[in-house]
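Values in this text are rule-based calculations from the coordinates and carry no lab data. Here the structure is a predicted model, which means the values were calculated and not measured. As a convention, Cβ positions derive from the backbone with ideal geometry for all residues, glycine included, and neighbour counts pool all protein chains shown.
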């Protein structure tokens, strides 16, 4: 029968073996994480390089399409000429947007963050003003009057550029997915949510989200209304990646039936650094 010394020695040996095994597994895990991080960096670098390489010939195609638009062929101008050129322009524009979205999607997870206190009301006003200017620019087709309103919002903590991208994507969707011939009506609001978080909502009265797709719309390349509206299917996926990096969540309200309501949360500004937003105030804008 083994004595206590033998039992203690066996336990010590077993403990040393377990510690050695844990050390090896930890070292292997660290190597795997290192390999994954290098792969992500390589993928981001490849995405930037290939995006740049693709934009070069695409710009050439766009340039020649513009030349064809103004080319005087006289009596030899085929009846379908303008239609074909317009189709080239639409295709190149969609390709450009796809390249930009793929690059943003691939780099959103690893892009460096610059956290700061953000005046959310002022940021929303700026994003809306930019969109209104785009819609009113020369050459943009006529559309029913658009009405956008927003509330006074609390300050938040996040990366200004990334928050701007999220708000611009959500506002762009709200303005795009409208019923034919109807004016877009969009409202942006924000309120305190769970402790330490602010919930931002973008509400529209457009075509809405099909039943069963309120979570699917945030997956890569999913397009809820692919046949009727243009898009790359990456906009909401980009928003999801950014919001998760900022420490929040994003979703679509399945109970809202008079259009669509997309929401996301973002950390609230620290009480000691929160900036006043009273000067920006609530407001409305039309285009």
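Computing FRET efficiency as 1/(1 + (r/R0)^6) for residue 87 and residue 55, where r is the C-beta to C-beta distance and R0 is 22 Å, gives about 0.65.
Once the Cβ-Cβ distance between residue 193 and residue 27 is put in as r, and R0 is 41 Å, what FRET efficiency do you end up with, to the nearest 0.05? According to the calculation, E is roughly 0.50.
What FRET efficiency, computed as 1/(1 + (r/R0)^6) with R0 = 25 Å and r the Cβ-Cβ distance, is obtained for residue 116 and residue 244, rounded to the nearest 0.05? Mind dumping the intermediate values first?
Numbers: r = 19 Å, r/R0 = 0.75.
After rounding, the FRET efficiency stands at 0.85.
Taking label positions 7 Å along the Cα-Cβ direction at both residue 152 and residue 76, the computed distance is 6.8 nm, reported to one decimal.
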